[in-house]
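Undergrad: First the structure, then my questions, so here it is.
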Amino acid sequence: MSGARELIRIAKAEVGYREGYSNGHWNNWQRYSPTVPGLEWSQSQPWCSTFVSWAAMKSGNAGLFPRTASCANGVEWFRQRGRFTEYPVIGGPVYFGAGGGSHVGICVSYTSSTITTVEGNTNSSGSAEGDGVHLKTRPRKSSYIYGYGIPDYPEGVVLADPARRGRRGVVHFGQEASVADIPQGAGTTPPPSRTVTIDGKAYGPGAKGDHITALGRMLVAAGCSAYTEGPGPTWSSADTESMRRYQIKIGDSGAEADGLPGPKQLARLKREYGSRRTYTVKPGDTLSGIASAHGVTVATLVKANPTITDPDLIDVGQALDLP
């Protein structure tokens, strides 16, 4: 199950959780970083964005959100897809501070004057460096609010942006909305009943073979996994959902996001994730040295590894994707 309702349910269930406390202060040690593939390094760092990535992953919405510990990277991810607004979005990440880089939470309801959010790494006063997960009500028109990401939820997205009224996948609810306004049947994607054949190989219900396992591994590498085990050689509902998440991630929708690969989608997936190379950081390594040794620029290496928030800070043992 996925969708805005499930994301909000997962996030709200964490309200009341507190991070670690040592030497007389809260220490940013929490349970979310170790469980989000690619963000394990963020343990003991500010974790509001990691919490949003965790909630997206746990609720089956990983492909609809950036997987990042950086609020600024989150803003850029939604902007690049044309899915950013200054108006509240139910189940959307709300970014705070200059450029949206200071803090992030999840909007769960709004009125004409307030928003209610679930936020990690905050406290009762709303600090961006807090003690745990809190349910917050903030002024909607606060100058601290920078904007909102618009996840492409399968049931449609509930938001207040009048400029988006009538667009595909948008349910417009003006001045106030809550979880109750999310369309019923949220998170259900009708399973395909057909198969497709690409380069002589079948994909879809009933399809089997090593190429299905390979597809699944590429989808995992793309950050679109819906697998609880596997992937394996027999097509499953997890393959369908993982493929659908990838289709949404690359901007496809409607019939082009039905969970079955198309020739162009499969070619792109193979091109981007089919021959993945990695490098494990060793003592004394620098990002510029790694980039030079592999014939790429630092900027290209950072782009291929969105978890890098500071090019001068890489960890021994960290696995880097090589373009």
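Undergrad: Go through segment 8-27 residue by residue and tally those that are assigned to a strand (DSSP E or B) and of a type in the set (Ser, Thr, Tyr).
TA: Residues that pass the stated criteria total 2.
Undergrad: Same structure again: Cβ-Cβ below 9 Å, separation at least six or inter-chain, first residue in segment 91-107 and under 13 Å from Ala56 (Cα atoms), second among the acidic types (Asp, Glu) and open to solvent by less than 10 Å² (accessible area, probe 1.4 Å): which pairs?
TA: Gly105/Glu119; Ile106/Glu119
Undergrad: Go through segment 86-103 and count every residue that is part of a loop (DSSP other than H, G, I, E, B) and open to solvent by 10 Å² or more (accessible area, probe 1.4 Å). If you could, list the steps in order and put the result at the bottom.
TA: Here is the first cut: in segment 86-103, the ones part of a loop (DSSP other than H, G, I, E, B) are 86-88, 90-92, 97, 101-102.
After this cut, where a residue has to be open to solvent by 10 Å² or more (accessible area, probe 1.4 Å) as well, the list is 86-87, 97, 101-102.
Residues meeting the conditions: 5.
Undergrad: A further question on this structure: When you go through (1) closer than 15 Å to Gly204 by Cβ; (2) of a type in the set (Ser, Thr, Tyr); (3) not in a helix (DSSP H, G or I) one by one for Thr240, which number turns out not to apply?
TA: Looking at each condition in turn, Thr240 falls short on (3).
Residues are listed down the side, and each one gets a yes or a no for (1) surrounded by 14 or more Cβ atoms within 10 Å (Cβ to Cβ); (2) touching a Ser or Thr at 6+ places or on another chain (Cβ under 6 Å); (3) at positive phi:
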residue: Ala238; (1), (2), (3): yes, no, no
residue: Pro263; (1), (2), (3): no, no, no
residue: Val281; (1), (2), (3): yes, no, no
residue: Ile290; (1), (2), (3): yes, no, no
residue: Pro306; (1), (2), (3): yes, yes, no
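Undergrad: Of all residues in segment 192-207, which are over 24 Å from Gly60 (Cα atoms) and loosely packed, with under 14 Cβ neighbours inside 10 Å?
TA: Thr197, Asp199, Gly200
Undergrad: Listed residues Pro233, Pro263; which is modelled with pLDDT of 90 or more, touching a Lys or Arg at 6+ places or on another chain (Cβ under 6 Å) and of a type outside the set (S, T, N, Q)?
TA: Unique residue meeting the criteria: Pro233.
Undergrad: How many residues, within segment 274-323, are assigned to a helix (DSSP H, G or I) and hydroxyl-bearing (Ser, Thr, Tyr)?
TA: Total meeting the criteria: 3.
Undergrad: Among the numbered criteria (1) part of a helix (DSSP H, G or I); (2) in contact with a Phe, Trp or Tyr (Cβ under 8 Å, 6 or more places away or on another chain), which one does Gln30 miss?
TA: The number of the failed condition is (1).
Undergrad: Kindly indicate which of Arg83, Arg31, Arg67 is within 27 Å of Gly174 (Cα to Cα) and open to solvent by 50 Å² or more (accessible area, probe 1.4 Å). First the steps, then the outcome.
TA: Working: Arg31 fails: within 27 Å of Gly174 (Cα to Cα); Arg67 fails: within 27 Å of Gly174 (Cα to Cα).
Result of the check over Arg83, Arg31, Arg67: Arg83.
Undergrad: Return the pair list, or none, for Cβ contacts closer than 7 Å from residues in segment 46-75 that are at pLDDT below 95 and part of a helix (DSSP H, G or I) to residues that are open to solvent by 10 Å² or more (accessible area, probe 1.4 Å) and among the acidic types (Asp, Glu), at least 6 apart or on different chains.
TA: The qualifying pairs are Leu64/Asp152.
Undergrad: Specify which of the listed residues (Arg217, Arg268, Arg244, Arg276) is at pLDDT 85 or above and either in contact with a helix residue (DSSP H, G or I) (Cβ under 6 Å, 6 or more places away or on another chain) or among the charged types (D, E, K, R) (or both).
TA: Result: Arg268 is the single residue among Arg217, Arg268, Arg244, Arg276 that is at pLDDT 85 or above and either in contact with a helix residue (DSSP H, G or I) (Cβ under 6 Å, 6 or more places away or on another chain) or among the charged types (D, E, K, R) (or both).
Undergrad: Okay, next question. Gly38 fails exactly one of the following numbered conditions: (1) in contact with a strand residue (DSSP E or B) (Cβ under 8 Å, 6 or more places away or on another chain); (2) under 23 Å from Val220 (Cβ atoms); (3) assigned to a loop (DSSP other than H, G, I, E, B). What is the number of that condition?
TA: Only one criterion is unmet by Gly38, namely (1).
Undergrad: Let me ask something else about it. Exactly one of (1) open to solvent by 70 Å² or more (accessible area, probe 1.4 Å); (2) in contact (Cβ under 8 Å) with a residue 12 or more places away in the chain; (3) under 20 Å from Gly216 (Cα atoms) is unmet by Asp312. Its number?
TA: Of the numbered conditions (1) open to solvent by 70 Å² or more (accessible area, probe 1.4 Å); (2) in contact (Cβ under 8 Å) with a residue 12 or more places away in the chain; (3) under 20 Å from Gly216 (Cα atoms), the odd one out for Asp312 is (3).
The values are calculated or read from the model by the stated rules, or taken from the named source; none is laboratory data. Bear in mind that the values here come from a model prediction, so they are computed numbers and not experimental data. We place every Cβ from the backbone using ideal geometry, glycine too, and count neighbours over all the protein chains shown. Keep in mind that these areas ignore ligands, DNA and RNA; they rest on the heavy atoms of the full protein, side chains included. Shrake-Rupley method; radii C 1.70, N 1.55, O 1.52, S 1.80 Å.
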